[in-house]
Structures are given as C-alpha cells and as structure tokens.
1. What residue, of Gly187, Gly213, is within 12 Å of the ligand (Cβ to nearest atom) and not in a loop (DSSP other than H, G, I, E, B)?
2. Given the options Gly102, Gly177, name the one that is touching a Gly at 6+ places or on another chain (Cβ under 9 Å) and either under 30 Å from Ala348 (Cβ atoms) or not hydrophobic (A, V, I, L, M, F, W, C) (or both).
3. Which count do you get for residues in the range 112-131 that are modelled with pLDDT of 95 or more and either of a type in the set (Gly, Ala, Ser) or within 15 Å of Ser30 (Cβ to Cβ) (or both)?
4. I need the full set of residues from the range 104-154 which are small (Gly, Ala, Ser), within 14 Å of Leu170 (Cβ to Cβ) and part of a loop (DSSP other than H, G, I, E, B), in order please.
5. Contact list please: Cβ distance under 6 Å, first residue in the range 192-206 and under 10 Å from Arg146 (Cβ atoms), second residue more than 8 Å from the ligand (Cβ to nearest atom), pairs at least six apart or on different chains.
6. In the range 171-184, which residues are in contact with a helix residue (DSSP H, G or I) (Cβ under 6 Å, 6 or more places away or on another chain) and not in a loop (DSSP other than H, G, I, E, B)?
7. Answer yes or no as to whether Pro202 is more than 29 Å from the chain's Cα centre (by Cα), within 12 Å of the ligand (Cβ to nearest atom) and part of a loop (DSSP other than H, G, I, E, B).
8. In the range 3-46, what count of residues is obtained for those that are more than 17 Å from the chain's Cα centre (by Cα), assigned to a helix (DSSP H, G or I) and in contact (Cβ under 8 Å) with a residue 60 or more places away in the chain?
Amino acid sequence: MTRTDAAAARAALAAWYARHRRELPWRGTSDPYAVLLSELMLQQTRVAAAMPYYARFLARFPDVAALAAATEEEVLALWSGLGYYRRARQLHAAARRIAAAGFPRTARELAQLPGVGPYTAAAVASIAFGEPVAVVDGNVVRVVARLLAWDEPVERAASRRAIAAAAGALLDRERPGESNQALMELGATLCRPAGPLCGACPLAPFCAGRGRGVAAELPRRAPRRPPQRERLVVARVERAGRVLLFRRGAGERLLAGLWELPEAPAGAGAEAALTARYGGRFRLGAPLGRLRHAITTRALEVEVRAARWEPAGGQVGGQVAEGPEAAWLSPAEAAGAPLTALARKALALGASGGPES
Ligand code: SF4
C-alpha cells in the first residue's frame with residue numbers, strides 16, 4: 001500500500017466509522033480503568049457476553065481504588081461465568097499496582113502490568129492517553145492480511161512485522177484511539193472471519209485480497225495440533241439439598257482458587273483417584289448425564305455421576321485433613337460462587353436423585 005493509498009484508506013475508514021460504529025458501553029470513555037476493564041473482558045469473550053459483566057463490574061468497582069480494595073474472592077465471584085479466570089486475577093493484581101503507583105500512560109509502561117500484553121497496552125494507551133500506537137488484535141490481523149493479500153501464515157515473525165507495519169501506516173496519529181477502534185470495528189462487523197462483506201467495505205478500493213478474489217481464504221494460519229481428547233468423571237455428592245465442592249489450590253496451573261466438583265480420569269481407577277486427590281472416600285453411583293467441555297488444548301468428554309463421600313476424620317466442611325478446602329453449597333450459594341465452567345455445566349444437569357452422602 002502506497003503512502004497515498006494509506007492516507008485515502010485512513011480517511012475512508014474514519015468516515016465509515018463515524019457513521020456505522022456500534023454504540024457499545026465502553027465507547028466514548030477515555031477513563032483508563034474502564035478501557036482496561038473492557039479490553040481485558042473482551043479477550044476471548046464475545047461483545048454480547050461481556051456487556052453485562054462490564055456493567056456489573058463498574059457498578060460494584062467504579063474505580064481502580066475500589067477494585068484494589070476488594071478481595072480476590074469478590075472479584076472472582078463477579079467474574080464467574082465469563083471464563084478465563086486468570087484475566088480476573090491479573091486485573092485485580094494490576095489494579096493493586098496502579099492504586100499504589102499510579103496509572104501508566106504509555107504502551108511500553110502499560111505492558112508491564114499483570115495480564116496486559118502488547119495489544120491491550122496499545123489499546124489503553126491510544127484510547128485513554130492518545131498515544132499514537134497501532135493496535136494489532138485478531139480483527140486487525142485479519143483485515144490487514146486481506147488488504148495486503150498476505151499469503152504466509154500470520155504467526156510467522158515476518159508476517160507479524162509486515163502486518164504491524166501496515167497497521168501503523170493505517171493509524172491516524174492525530175486520533176489514534178478512534179482510528180484503532182475503527183479498524184477493529186471493521187474487522188468485527190464487515191471483514192468477518194467467514195464471508196467478508198466487501199460490497200459495504202470502505203477499504204474495498206485498497207484491498208488486494210478482494211481484488212484477487214482470495215479475501216475469504218485469508219488470513220493463512222499455521223497448522224494447529226489437534227486437541228487432546230480426555231474422558232473424565234465428575235462426582236456430584238449431595239446432602240440435604242447441598243452439593244459438595246472443593247476449592248482448587250493456589251498453586252494450580254489453571255483455574256487456581258475456583259470451586260469445582262470432584263473430578264478424575266474416567267475408568268476403573270476413578271474412585272481411587274478421587275479419594276487420592278480430594279481426601280475422604282468416594283463411591284460413584286448412577287450416571288446423571290454427559291457433557292463436553294473444552295479447556296485450553298484439551299477436549300473433555302465428561303460423565304457426571306451421583307456419588308457418596310465419607311470425609312476423613314468425620315469432617316464435612318472447611319479444611320479436609322490433608323486435602324483441598326471443601327464446602328457444601330446450596331444452589332443459590334453455588335450460583336454466586338466462583339466456580340469452574342465445568343462445575344457450572346455439571347451442576348446445570350438435572351438434580352441427581354442419586355445416593356446421598
Ligand atoms: S474489502 Fe473485504 S476483505 Fe478487504 S478489508 Fe474490506 S471486508 Fe475485508
């Protein structure tokens with residue numbers, strides 16, 4: 001793309017954005033805390049799913065100081081259901097750091113905060129502080145790869161450099177926040193992953209992918225490893241209308257601190273594995289249903305079974321001897337607790353009617 005083309009493309013994009021942008025709750029704010037919150041929530045989450053969480057979060061924690069003063073349990077409970085809980089923990093840690101040292105104002109400084117990568121740092125720096133840095137998120141990668149008819153896998157270092165350079169050329173340095181949001185909006189609404197709407201696109205005259213008829217095939221991706229299939233059994237132990245949950249330890253690599261139903265690899269050794277992991281003694285009963293669940297690179301096939309549990313030493317709550325923290329929760333308590341997504345799905349399967357502990 002020549003400099004003249006880039007200038008014309010910037011103007012066309014800005015005019016389109018002024019007329020067609022969606023009105024979203026985080027649009028129009030330059031409060032860095034609100035921008036950071038929205039950007040972290042929108043990582044791996046659809047706009048429609050993030051919107052109610054964004055409103056609830058801002059109502060409960062209206063500024064960095066309020067979030068920094070909250071407990072991790074409160075933050076996780078409010079995030080519950082949005083998934084990828086690491087983001088909530090990192091947001092909380094970032095708020096504490098900002099409350100102590102002030103809000104970083106440049107992308108380079110913002111990227112030092114927990115959970116803030118180059119994309120989020122550029123978004124906050126440009127939208128909240130007017131720094132002229134281009135955001136290169138998944139939407140931008142797709143749009144630019146199509147504009148350039150870039151034929152190499154976009155994960156490669158040379159591809160990343162070329163795409164970042166083109167995104168930089170498209171950036172309006174006078175209004176970087178609006179400019180970045182315009183390109184992301186174009187990717188989200190017109191230059192969609194399947195079936196780009198080129199007929200309505202303001203960048204169509206500059207788009208090599210469209211010109212060559214290959215836009216829908218781009219961007220090219222490096223082949224991915226297939227997900228690892230695993231079979232799990234999840235034990236649903238009920239007593240007097242309450243269900244037994246365990247809290248994952250702080251040292252767990254994934255989902256640390258969240259509450260889960262006891263789970264173990266399916267098969268003949270499942271009861272022994274449950275007992276070894278959670279303490280007490282498990283007896284599996286009738287199947288209650290099956291579900292599928294994907295987490296990082298694992299594709300789980302899960303059987304939920306009614307179960308009995310005899311706690312070690314007669315304990316039925318709090319710290320089980322030499323095991324993770326356990327609790328009996330009512331349905332209402334479970335709904336408000338920070339649960340793993342798998343536990344939430346398993347609890348949504350019908351009431352057990354199975355054996356009680
Ligand atoms: S013309 Fe089509 S492929 Fe090119 S940027 Fe616009 S929507 Fe995307």
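The values are calculated or read from the model by the stated rules, or taken from the named source; none is laboratory data. These figures come from a predicted structure and were not determined experimentally. All Cβ positions, glycine included, derive from the backbone under ideal geometry; neighbour counts span all protein chains shown.
1. Result: Gly187 is the single residue among Gly187, Gly213 that is within 12 Å of the ligand (Cβ to nearest atom) and not in a loop (DSSP other than H, G, I, E, B).
2. Gly177 is the lone residue from the list that is touching a Gly at 6+ places or on another chain (Cβ under 9 Å) and either under 30 Å from Ala348 (Cβ atoms) or not hydrophobic (A, V, I, L, M, F, W, C) (or both).
3. 11
4. If the condition is that a residue be small (Gly, Ala, Ser), within 14 Å of Leu170 (Cβ to Cβ) and part of a loop (DSSP other than H, G, I, E, B), then Ala134 is the only one that fits.
5. Between residues of the range 192-206 that are under 10 Å from Arg146 (Cβ atoms) and residues that are more than 8 Å from the ligand (Cβ to nearest atom), the close pairs are Leu203/Ala9.
6. Correct list: Pro176, Gly177, Asn180, Ala182, Leu183, Met184.
7. Yes; evaluated as a whole, the condition is true for this residue.
8. 15
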